[in-house]
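Step one of this worksheet: look at the structure below.
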Amino acid sequence: MLRPLSILCILRDPLPPRRADVLTLFGVELPRHGINTALVGQGDAAPAWPGGALHVAGRFGGAANSVLAPLRDSWALLRAWRTARPDVIQVRDKVVVAVLARLLAALLRIPFVYWMSFPIVEGYAVRARAGGVRLAALHRARAWATHLLLYRLVLPGARGVFVQSAAMADALAARGLPRHRLVAVPMGVDLALAASVTPVQDARLDGRRVVVYVGSVARARASLFLLELAAALQAARPDVLLVVAGDAPSREEAAWFRAQLAHAGNVLFTGWLAQPEALGYAARAEVGISPIPRGDLFDVSSPTKLVEYLALGVPAVASDIPDQRCVIAQSGGGYCVPMTVAAFCGAILRLLDNPDRRAFGARGRAWVRAHRSYDVIGRHVAQHYRGLLEDRP
């Protein structure tokens, strides 16, 4: 009988958590292995959390948040520690408070763990290159400060570093971090949710060859590619309809994308949907697409949409970032191509014309069940947490 373990984790995401790699992994799967997690983060309320306790730090608005949030987070972390008495202290995607968390873990002689789901330093650097003069200076300063704190103070003192993908682990190992401390935890699928999804009933899809994109649209994601692809598909096959089930993360980005839609044909843009309904559009589709641009930010990512398509038995066309290249190669669930309109259009048409298209989906579903379901990922992550405590000096 394994003894229960407890993690005290401070999050960048608002509470209550909505991302599957927090909600499903820490709220459902890890408790099955005797590991509970108390979450600390900003939010407006503290509803029930199946994985343990929630400690809401409150929320600042506007520019004050970036300045004062680390102080409030740190105070909430100390208050939570007094009640949680954890076996592990973990910080996810927050750099400043991670310095305090590392010191607290050292004083308590318990493991400090960092969970890196996004390359924050590189994100600031990309914003510096894209912004105006004032914003560029601000983002360069943030990139310099977070680089110093993260790569000099936080990560070298972490007993373990959980990362988004094997490519991210390779990138950190190239910076000198010991490879045995790096654990890749790519995005997975809640199989119970996938099994409950039913194809959406939408008359606008009747009589059409449906291709679906599920997720966010934004300039940083090169989302105009979707509209260029829709135009190419319309020219080649007028009965193809591209469904974009999602929206932009901000009002400004949403207005920008909707303005571009005015000149696009054969595109159905749904706006934000509840996850089961968005996946219902994917289940209705013949092909799912995951065009993720190459670059410092996305090359180390692990997109959820690709494994969601495969879990639903929908064959996919994905761009050639490392994680997607691996998923397509190992699963045989579709095609992986460069992110060009010609390459995506050609691959989509090959799938639509392939009489064995369902076999792609069946292979993809079986592979996800064996490798990317959260019950499989949960066992893998639980073993690593227990290994951290076994290796404790």
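How much net charge surrounds residue 36 when only other residues with a Cβ under 15 Å from its Cβ are counted (Lys, Arg +1; Asp, Glu -1)?
+2
Can you sort 356, 247, 296 by how many other beta carbons sit within 10 Å, fewest first?
356, 296, 247
Positive end of the charge dipole of the chain (Lys, Arg +1 and Asp, Glu -1 on Cβ, about the Cα centre): tell me which of 244, 162, 349 has its Cα farthest that way.
My answer, from the dipole projection, is 162.
Please list the non-local residues whose amide H lies under 5 Å from the amide H of residue 316, H modeled 1.01 Å from N, same-chain partners needing a gap of 5 or more.
Long-range HN contacts for residue 316: 288, 334, 335.
Rounded to whole Å, give me the distance from the Cα center of region 214-257 to that of region 315-393.
A separation of 22 Å, based on Cα centres.
Rounded to the nearest 0.05, what FRET efficiency do residue 78 and residue 366 have when you use their Cβ-Cβ distance and R0 = 45 Å?
Efficiency computed from Cβ-Cβ geometry: 0.45.
Under a 5 Å amide H to amide H cut-off, with H placed in plane at 1.01 Å, what residues pair with residue 210 once short-range neighbours are removed?
Distant-sequence amide H within range of residue 210: 241, 286.
Over the chain, what relative contact order in percent results from Cα pairs under 8 Å that are six or more residues apart?
Relative contact order of the chain: 14 percent.
Amide H neighbours of residue 373 under 5 Å, counting only residues 5+ apart in sequence or on other chains, H built in-plane at 1.01 Å?
189
Cα-based Rg (one decimal) and Dmax (whole number) for the chain, in Å?
21.7, 66
Rounded to the nearest 0.05, what FRET efficiency do residue 206 and residue 106 have when you use their Cβ-Cβ distance and R0 = 35 Å?
0.05
Extending each Cα 7 Å along its Cβ direction at residue 356 and residue 129, get the distance between those two points in nm, one decimal.
Label-label distance for residue 356 and residue 129, simple model: 4.1 nm.
According to the Cα gyration tensor, what semi-axes, each the square root of 5 times an eigenvalue, does the equivalent ellipsoid of region 221-380 have, listed from largest to smallest in whole Å?
For region 221-380, the ellipsoid semi-axes come out as 24, 19, 15 Å.
Using the Cα centre of the chain as origin and beta-carbon charges of +1 (Lys, Arg) and -1 (Asp, Glu), tell me which of 301, 148, 218 is placed farthest towards the positive end of the dipole.
Highest projection toward the positive end goes to 148.
Applying a 10 Å radius around every beta-carbon, put 219-232, 308-321 in order of their mean neighbour count, most first.
Listed from highest to lowest mean packing, they are 308-321, 219-232.
Want the number for residue 153 to residue 273: 0.36 nm per residue separation, take away the alpha-carbon distance, what's left?
Going from the current span to full extension adds 39.2 nm.
Please give, to one decimal in nm, the separation of the simple spin-label points placed at residue 174 and residue 6, each 7 Å out from Cα toward the Cβ.
Each label point is offset 7 Å from its Cα along the Cβ direction, giving 4.1 nm.
Which whole-Hz ³J(HN,Hα) couplings does region 190-197 yield from phi under the Karplus relation 6.51 cos²θ - 1.76 cosθ + 1.60, θ = phi - 60°, glycine and proline marked x?
7, 5, 5, 5, 4, 5, 8, 6
Name the residue, out of 363, 82, 258, whose mean-square fluctuation peaks in a Gaussian network model built on the chain with Cα pairs under 10 Å.
So, out of 363, 82, 258, the one fluctuating most is 82.
About its Cα centre, how strong a charge dipole does region 191-371 have in debye, to the nearest 20, once Lys and Arg get +1 and Asp and Glu get -1 at the Cβ?
So the dipole magnitude of region 191-371 works out to roughly 300 debye.
Since every read-out is calculated from the coordinates, none of them should be taken as a lab result. This one's a predicted model, so the numbers in the text were calculated from it and none came from an experiment. Neighbour counts are summed over all protein chains in view; Cβ atoms, including those assigned to glycine, are modelled from backbone coordinates with ideal geometry.
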